[in-house]
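Here the structure comes first, spelled out in structure tokens, and everything after it is commentary.
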Amino acid sequence: MNNVLKNKNVDLKITSKHSQKYIDALLRNSRNMGLDKYFTHTANGDKAFTIEAPNLKFGLGVISELGEDAKASGITKAALFVDPYVEQMDHFLKATASLKTAHIDFEVYNEIEIEPTDRSFRNASRFAQDGNFDGFISIGGGSTMDTAKAANLFATYPADLFAYVNAPVGEAIPVPGSLMPHIACPTTFGTASETTGIAIFDILNQDMKTGIAHRALRPTLGLIDPQGLTTLPSAVIASNGFDVFSHAIESYTAKPFTQRIAPKSASQRPLLQGANPYSDMACLEAIKIVGENIEKAVNQSSPLEELEALSLAGMLAGIGFGNAGCHLPHAMSYAVAGLVKNYKPEGWPKDHPMVPHGISVIVNSPAAFSFTSVACPQRHLKAAEALGEDIRNIPENRAGQVLGDKVIKLMKKTGLPNGLMGVGYSEEDIDALTENTLPTRRLLDISPRPIDKEDLKTIFRDAMSYW
Ligand SMILES: NC(=O)c1ccc[n+]([C@@H]2O[C@H](COP(=O)([O-])OP(=O)(O)OC[C@H]3O[C@@H](n4cnc5c(N)ncnc54)[C@H](O)[C@@H]3O)[C@@H](O)[C@H]2O)c1
Ligand SMILES: [Fe+2]
């Protein structure tokens with residue numbers, strides 16, 4: 001006799017005597033079949049996502065393997081980019097000792113601007129073009145790694161700085177081919193620049209940040225050694241931790257790849273494709289690790305264990321946003337950093353005002369998540385749960401607020417500024433902040449909820465202060 005078992009996902013035709021246990025198991029498994037329903041296929045939407053896994057090595061002490069790795073990458077004469085502060089550290093000595101042991105020739109470049117600019121990218125590119133190098137090594141935070149990426153690009157394919165910059169700010173010409181090998185050795189953990197094909201810089205005469213995003217810019221190898229983080233000021237740890245958190249949650253709540261219009265040809269599928277099952281896994285884990293470790297890492301005196309965990313979270317979130325993409329908090333952050341007035345935070349060089357990247361992101365996040373939660377409340381709740389919040393009995397219409405409140409609680413405990421007012425803005429700046437965010441279409445388009453100019457103004461207003 002034929003029995004037909006129906007549930008939401010499957011019709012099972014049972015053609016003989018099956019035990020109830022077997023049938024139950026089939027039904028149970030059937031509930032797990034198929035992708036998360038966030039990825040339901042749409043008529044014109046893309047049906048495919050790609051996984052571009054960065055090449056990474058993670059572990060305490062791996063900086064001492066730099067020389068061997070450089071050799072294996074075919075580098076004989078390296079342009080060695082180093083953060084000027086990190087250059088004084090034992091970590092850098094270990095790196096150069098390892099290069100010497102492997103007989104790798106290198107020339108040091110330390111004129112890195114913290115939060116790089118078009119000026120510092122141009123200067124670094126000139127150094128790279130003149131040096132006849134066959135490879136690049138960067139030791140420092142996002143500012144140093146991004147500078148090395150740009151220098152590698154312009155040394156390999158010389159062009160005007162704005163040729164490869166994202167439209168509408170630049171011409172968005174695709175990078176013509178692969179670059180020279182680049183080994184990136186992060187000494188911070190938030191940007192995960194070692195995992196991405198992105199280089200960010202400030203356009204000085206436009207008061208805005210933008211970037212170059214192309215898979216060719218992804219370093220050949222990321223050498224992640226958490227031992228290099230122990231000298232980080234606690235404010236930089238906090239800023240990096242929130243950068244990781246926002247990368248992960250923005251990628252997890254990004255518009256799903258199935259809702260992006262399918263590309264006309266395979267080569268047009270963007271690097272940042274929207275949320276997808278692969279980035280989901282990395283991002284949820286990253287959120288959880290940040291929630292468990294950020295407070296201790298910021299408020300404890302030598303938090304090596306926590307830094308090791310946060311470093312792993314940064315790497316995972318990097319893998320996530322490198323394949324999915326960030327949306328509103330990051331899109332808004334470029335205006336927040338670019339229009340800075342007099343803010344000079346503790347823990348960073350005081351030679352010029354700046355809103356460091358992680359801070360410029362997180363001051364927007366609670367307000368932005370309130371806005372986006374309408375589009376995918378369950379994902380916002382899951383993110384809050386990964387951060388340690390009890391989400392049982394929370395209705396979907398409170399998802400954004402619950403997540404935002406959790407973030408605000410962590411911001412308070414780690415000494416972050418209280419929203420945009422905390423970094424020197426007032427309601428009078430909302431128009432300028434909005435205008436400077438609109439060109440970051442690349443990120444705004446990944447928002448799970450469509451956004452217009454008036455929405456942006458409202459979010460900036462809501463982000464002015466939180467407590
Ligand atoms: N490429 C990407 O995918 C990507 C993603 C996000 C952000 N970014 C960019 O990265 C930049 C921010 O990078 P970041 O947050 O890693 O920091 P950073 O490179 O700007 O450095 C921050 C500060 O920490 C110091 N520092 C770095 N390592 C240290 C260490 N081990 N001990 C003591 N001090 C140390 C630096 O000297 C500096 O003062 C921004 O320009 C941002 O826009 C890039
Ligand atoms: Fe970031």
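Quick note: the coordinates plus some simple rules give every number you see, no bench work behind them. Predicted, not measured: the structure shown is a model, and the values here were computed from it. Virtual Cβ from ideal backbone geometry, glycine too; neighbours counted across all protein chains shown.
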When only DSSP loop residues count, what trypsin sites (Lys or Arg not before Pro) in the range 404-467 have their Cβ near at most 14 other Cβ atoms within 10 Å? none
Calculated on alpha-carbon atoms, Rg and Dmax of the range 74-153 in Å: 11.9, 35
What is the extension gain from A102 to D134, computed as 0.36 nm multiplied by their sequence separation minus the C-alpha to C-alpha distance, in nm to one decimal? 10.0 nm
Which of A337, V236, L272, positive extreme of dipole for the range 235-462 (C-beta unit charges): L272
Label point distance in nm, N110-N342, each placed 7 Å from Cα along Cα→Cβ: 3.2
Estimate the FRET efficiency between E52 and A262 by the formula 1/(1 + (r/R0)^6), using the beta-carbon distance for r and 22 Å for R0, to the nearest 0.05. 0.75
Trypsin sites (Lys or Arg not before Pro) within the range 247-337, DSSP loop, no more than 11 other Cβ atoms inside 10 Å: K264
Those lysines that a straight Cα-Cα span of less than 22 Å connects to K71, excepting residues fewer than 8 apart in one chain: K57, K94, K100, K149
Suppose we flag GluC sites (Glu not before Pro) only when DSSP calls them loop and at most 14 other Cβ atoms lie within 10 Å. Which is the longest uninterrupted stretch of the chain? 172-345
Considering the options S138, A167, I359, tell which one lies farthest towards the positive end of the dipole of the chain, charges being +1 on Lys and Arg and -1 on Asp and Glu at the Cβ, about the Cα centre. A167
Using Cα-only point scatterers and the Debye equation, what is log10 of I(q)/I(0) for the range 346-467 at each q in 0.15, 0.20, 0.21, 0.22 Å⁻¹, rounded to two decimals? -0.73, -1.20, -1.28, -1.34
Measuring from the longest principal axis of the C-alpha atoms of the chain, the long axis of helix 453-462 (C-alpha) lies at a number of degrees, nearest 10, equal to 80
Dipole of the range 61-224, Cα-centred, from +1 at each Lys and Arg C-beta and -1 at each Asp and Glu C-beta, to the nearest 20 debye? 320
Work out the P(r) tail for the range 61-224: percent of alpha carbon pairs separated by more than 21 Å, whole number. 39
Report the calculated FRET efficiency for R392 and K413 (r = Cβ-Cβ distance, R0 = 30 Å), to the nearest 0.05. 0.80
Inter-probe distance in nm under a simple model that places probes 7 Å from Cα toward Cβ, at L35 and M421: 4.3
When Rg is the radius of gyration of the Cα atoms in the range 121-187 and Rh is its Kirkwood radius, what does Rg/Rh come to? 0.97
Spin-label pair K453/E435, simplified geometry with 7 Å Cα→Cβ offset, distance in nm: 1.0
Label point 7 Å out from D351 along Cα-to-Cβ: which residues of the range 74-97 have amide N under 11 Å? 84-85
Let me know the charge dipole size of the chain about its Cα centre in debye, to the nearest 20, where only the beta-carbon of Lys, Arg (+1) and Asp, Glu (-1) is charged. 2020
Taking max minus min of the Cα coordinates of the range 235-462 on each principal axis, largest first, gives extents in Å of 50, 40, 39
Just how far, in whole angstrom, is the range 27-104 from the range 300-379 if you go by their alpha carbon centroids? 20
5 Å is the cut-off here: which amide hydrogens, built 1.01 Å from N in the peptide plane, fall below it relative to M464, excluding neighbours closer than 5 in sequence? L420
Output the relative contact order of the range 30-108, whole-number percent, from Cα pairs under 8 angstrom with separation of 6+ residues. 35
Semi-axes, largest first, in whole Å: what does sqrt of 5 times each Cα gyration tensor eigenvalue give for the chain? 37, 27, 23
3J(HN,Hα) from dihedral phi, the range 169-185, Karplus parametrisation 6.51/-1.76/1.60, rounded to Hz, x for glycine, proline: 5, x, 8, 6, 5, x, 4, x, x, 7, 9, 6, x, 9, 9, 9, 10
